[in-house]
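Values quoted throughout were computed directly from the atomic coordinates according to the rules given, and no laboratory measurement underlies them. Remember, predicted model here, so these are calculated numbers, not experimental data. Reconstructed Cβ throughout: ideal geometry from the backbone, glycine too, with neighbour counts over all protein chains shown.
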Amino acid sequence: MKEFNIKNLRTDTYLGKVAIAEDTASRMKGLLGTQELPFFHGIILKPCKQVHTMGMRYPISVWYINRQLQVIKIVDKLQPWRIAPFIRISHLIIEFPQRWAEITGSQEGDDLLFI
């Protein structure tokens, strides 16, 4: 999988290194089977409008991103065995460690830079 570094432009904060899951198999697998998601790591699911944590062992932070790479919705602590909202205008979703928005000072409306 390709990897990118992501920066929040509003806060000038480094958010982490993320792998991108663009094919059906890698999007379906996502984080399933992992024990944890370390700080400064994540996964991009593209395209994606909704995720679930069925079979997950830990909570995650779910960020919905539009085509302009702007954060349009954050669910900062999605518990295991839950379904996140369906957001029709979402282009991709980034999954980070739980409470990553709170930890990094990120919020809905922030613009991201993929490096």
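Some values worked out for this structure:
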read-out	value
Computed helical MRE - 222 nm, the chain, DSSP H runs ≥ 4 contributing -39500 (n - 2.57), nearest 500	-2000 deg cm²/dmol
Segment I72-F86, extension gain: residue separation times 0.36 nm, minus the distance between their alpha carbons	3.8 nm
Relative contact order, percent, the chain [alpha-carbon distance under 8 Å, six or more residues apart]	30
Protection proxy ranking, peptides 45-51, 1-7, average beta carbon neighbours within 10 Å, highest first	45-51, 1-7
Along each principal axis, Cα extent of the chain, largest first, Å	34, 26, 25
Formal net charge of residues neighbouring R67 (Cβ-Cβ distance under 13 Å; K, R +1; D, E -1)	+2
